[in-house]
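Undergrad: Below is one structure. I have some questions about it.
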Amino acid sequence: MASAPLGVAVIGTGRMGADHVRRLSTVIGGARVAAVADLDAERAKAVAGPLEGCTAHTDPAAAMAAPGVAAVLIASSGPAHEPALLEAFRRGLPVLCEKPLTPDPGGALRVLEAEARLGRRLTQVGFMRRYDTEYVRLKALLDGGSLGRALFLHCRHRNASSPSFFTTEMLIRDSVAHEVDAARWLLGQEVTAVQVLRPRPSSYAPEGLGDPQLVLCETSGGAVVDVEIFVNCGFGYEVRCEAVCERGSVSTGAGAGPVVRREGRWGGEVPQDYTERFADAYDREVQAWVDATRAGRVTGPSTWDGYAAAVVCEAGVTAQRTGGRVPVELGLERPGLYA
Ligand code: ISE
């Protein structure tokens, strides 16, 4: 493995991008932030300022061209991912791209085709649940076979509140995208159909936001996945998954924090957001990317996984609108590059 730290250009310095800059600079080993880009020049400068040798840009391409950059971490908003990915491919730079790969299947397909033309993988998609200790154990138990075949995944995905720009479609494309990837990965199956049930929105949901919803997915191996998505639950951040199998069940996300007994009551804390709940998973994800990149490899969730998630989410958005059961057509076989 090369000894020089990997110089990373971080594209997007909002909440997730800034958290990854902190992680690359102070938590994990073998990397440094060589450049950052953000449409907000002041924000980019503020993030780059304390970091030695880090330049600030408003143009992602300029950040990728900056001295010392050997890899790219894309953490800008979903619609900005496609041009940034294509630019990284043009420069032959390995990429860690936050989810969603792109918000729409058309964009994901163009990215897939561009990577296929290169004939090698350059992209790891930021589905960080695959690096969460409990999810990793859940997968090992399912793969081990002692519980038999998985029949159901019961998932709950709750955010304390949603940002002001959040739309009803984003409940699927931005939030449930995680469960779509987790289900495909945990079960080793594709999602074949989606339905969405929409209760009367919570009176605490922002005007016009259809929150919460229940998303039902059928899979190629005959399992059913149900996802409660509730992005203004008020009390905190909660992600749970229970796999019900033929001979037992496994559940994750119950919260194993310290339990306090005081004045006749007992209780603990609920994390308030994903950067807190999945902090360890993000650390492992980014460390795995840096290690693989320095060793000249690309691992983890691929462009194919990002494409498949985008196609399932598109079906989910159609199901939101129509109220019907929407079959999922991936439209192409998994290319050999992603075997
Ligand atoms: C956000 O973008 C994430 O990725 C979080 O994990 C998810 O819980 C949240 O709903 C999304 O908006």
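The values are calculated or read from the model by the stated rules, or taken from the named source; none is laboratory data. None of these values were measured; they are calculated from a predicted model. Counting neighbours? That spans all protein chains shown, and the Cβs are built from the backbone with ideal geometry, glycine included. Side chains are part of the model used for accessible areas, which takes the heavy atoms of the whole protein and leaves out ligands, DNA and RNA. Shrake-Rupley method; radii C 1.70, N 1.55, O 1.52, S 1.80 Å.
Undergrad: How big is the dipole moment of the chain about its Cα centre under a simple scheme where the beta carbon of each Lys and Arg is +1, that of each Asp and Glu is -1, and everything else is neutral? Debye, nearest 20, please.
TA: Computed charge dipole of the chain: roughly 520 debye.
Undergrad: Right, next: Taking the Cα centre of the chain as the origin and placing charges on Cβ (Lys, Arg +1; Asp, Glu -1), which of GLY145, VAL259, LEU101 is farthest toward the positive end of the dipole?
TA: Farthest along the dipole direction, towards plus: GLY145.
Undergrad: Just name one of ALA295, SER76, GLY331: the one whose Cα is farthest towards the positive end of the charge dipole of the chain (beta-carbon charges, Lys/Arg +1, Asp/Glu -1).
TA: ALA295
Undergrad: Here's a follow-up. Based on the Kirkwood radius over alpha-carbon pairs, what value in µm²/s does the Stokes-Einstein equation return for the translational diffusion coefficient of the range 184-339 at 10 °C and 1.306 mPa s?
TA: Value of D from the Cα-based Kirkwood radius: 85 µm²/s.
Undergrad: Also: Express the Stokes-Einstein translational diffusion coefficient of the range 33-129 in µm² s⁻¹, to the nearest whole number, given a Kirkwood radius over alpha-carbon pairs, 20 °C and a viscosity of 1.002 mPa s.
TA: Taking Rh from Cα pairs, D becomes 156 µm²/s.
Undergrad: Could you state, as a whole-number percent, how many of the C-alpha pairs of the chain are farther apart than 39 Å?
TA: Across the chain, Cα pairs with separations above 39 Å total 13 percent.
Undergrad: Would you mind getting the accessible area per residue of the chain, heavy atoms of the protein chains only, 1.4 Å probe, in Å²?
TA: 45
Undergrad: What is the diffusion coefficient of the range 1-84 in µm²/s, taking the Kirkwood radius over Cα pairs and the Stokes-Einstein relation at 25 °C with a viscosity of 0.890 mPa s?
TA: Reported coefficient: 199 µm²/s.
Undergrad: Another one. Within the chain, which complete DSSP H helices have Cα atoms spanning at least 27 Å along the helix axis and a mean Kyte-Doolittle hydropathy of 0.0 or higher?
TA: 303-322
Undergrad: Picking from LEU6, ALA41, THR219, whose Cα lies most toward the positive end of the charge dipole for the chain (charges on Cβ: Lys, Arg +1; Asp, Glu -1)?
TA: In the chain, that residue is LEU6.
Undergrad: Take the Cβ-Cβ distance between ARG261 and ALA292 as r, set R0 to 51 Å, and report the resulting FRET efficiency rounded to the nearest 0.05.
TA: About 0.70, to the nearest 0.05.
Undergrad: Separate question: If packing is taken as the mean number of other Cβ atoms within 10 Å per residue, what is the order of 61-72, 260-271, highest first? Numbers along the way, then the final one.
TA: Details: 61-72: 18.7, 260-271: 9.7.
Highest-to-lowest ranking by the protection proxy: 61-72, 260-271.
Undergrad: Right, something else. Rg over Rh of the range 98-153, using C-alpha atoms and the Kirkwood radius, what does it come to?
TA: When Rh is taken as the Kirkwood radius, the ratio is 1.13.
Undergrad: In addition: Based on the alpha-carbon gyration tensor of the range 159-270 and its eigenvalue square roots a ≥ b ≥ c, which shape applies: rounded if a/c is under 1.5, prolate if not and a/b is larger than b/c, or oblate?
TA: Here the range 159-270 falls in the oblate category.
Undergrad: I would also like to ask the following. Test of understanding: in a Gaussian network model of the chain with alpha carbons linked when under 10 Å, which of THR26, THR252, THR303 would top the mean-square fluctuation ranking?
TA: THR26
Undergrad: About the Cα centre of the range 187-339, what is the dipole size in debye to 20, counting +1 per Lys and Arg Cβ and -1 per Asp and Glu Cβ, all else neutral?
TA: Approximately 200 debye in magnitude.
Undergrad: I've got another one for you. When the dipole is taken about the Cα centre of the range 1-116, and only Lys, Arg (+1) and Asp, Glu (-1) are charged at their Cβ, what size is it in debye, to the nearest 20? Mind showing how you got there, number by number?
TA: Values: 10 positive and 12 negative charges, 61 e Å.
Using Cβ point charges on Lys, Arg, Asp and Glu, the range 1-116 gives about 300 debye.
Undergrad: Can you tell me the FRET efficiency between ASP40 and ARG91 if r is taken as the Cβ-Cβ distance and R0 is 22 Å, rounded to the nearest 0.05?
TA: Result of the calculation: an efficiency of 0.40.
Undergrad: Anyone know which of LEU171, LEU197, LEU186 comes out most mobile in the 10 Å Cα GNM of the chain?
TA: In this elastic network of the chain, the residue with the biggest mean-square fluctuation among LEU171, LEU197, LEU186 is LEU197.
Undergrad: Using the alpha-carbon centroid of each, what span in Å lies between the range 64-83 and the range 217-233?
TA: The distance from the Cα centre of the range 64-83 to that of the range 217-233 comes to 32 Å.
Undergrad: Per the 1.4 Å probe, what fraction of the accessible area of the chain, in percent, lies on carbon and sulfur atoms? Intermediate results must be reported in sequence, preceding the final value.
TA: Numbers: 8030 of 15190 Å².
With neighbouring chains kept in place, the figure for the chain is 53 percent.
Undergrad: Using alpha-carbon positions, what is the distance between the centroids of the range 288-339 and the range 139-216, in Å?
TA: Measuring centre to centre over Cα atoms gives 15 Å.
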